[in-house]
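Structure first, commentary second.
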Amino acid sequence: MRKGSLVFCTFLIAIAAYAIFAATGWSFKTKLFPLAVSIPLITLLVIQLLLMIGGKEQTGESATMDIDFSIEVPPEVARRRVFGIFGWIVGFIALVYLLGFPLTVPLFIFLYLKFQSNIGWLSLFTDPEGRMNGLFKPSMRSRQEHKAKKAKARKAAKKK
């Protein structure tokens, strides 16, 4: 049993308990998220703490990671892949900042599919059952309805 793991688990239990305590005086909508996160978190942390205290010490092979990483990829290829993924993430964040989330998500999906999977433009927009078109039209319609409601509210405010 490692002392650092026990301290960290106890620290997280204290934070989750404080979140539950602090949220109890709030309105229902306000306390919903902290309670929905903290109650399962504290439950799992208590189980983890009990397993760490009562469980056997991990030794030898059982303490190692179960994931077997491949070393067949040359370092320059791995580096290029990491920078590529980092570029897509930075690009997504920049597009959200510049265009907004509702426009960025479909645009990002199409661009990623086009350039990472080498799918042709025609097959991006044509699906045998039309699912791709049906997926994004409702979000565009709700955005247009939102803009229309805002414009109507501005006109009503100017008349007063």
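What follows is calculated from the coordinates using simple rules that are stated; it is not laboratory data. Fair warning: this is a prediction, and the values are worked out from it, not measured in the lab. Note that each Cβ is placed from the backbone with ideal geometry, even for glycine, and that neighbours are counted across all protein chains shown.
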*What area, in nm² and to one decimal, does the C-alpha convex hull of the range 3-56 cast on average over all directions?*
3.5 nm²
*Loop sites in the range 12-45: chymotrypsin sites (Phe, Trp or Tyr not before Pro), DSSP, at most 15 other Cβ within 10 Å*: TRP26
_Distance-filtered residues of the range 5-23 - backbone nitrogen under 15 Å, label point 7 angstrom along LEU49 Cα→Cβ_ = 5-21
*With each pseudo-label sitting 7 Å past Cα toward Cβ, what's the PHE108-PHE28 distance in nm, one decimal?*
3.3 nm
*asked:* Just to confirm the filter: which trypsin sites (Lys or Arg not before Pro) across the range 1-41 are DSSP coil and have at most 13 other Cβ within 10 angstrom of their Cβ?
replied: ARG2
_Inter-label distance, nm, simple model (7 Å from Cα along the C-beta direction), ALA156/THR10_ = 5.8 nm
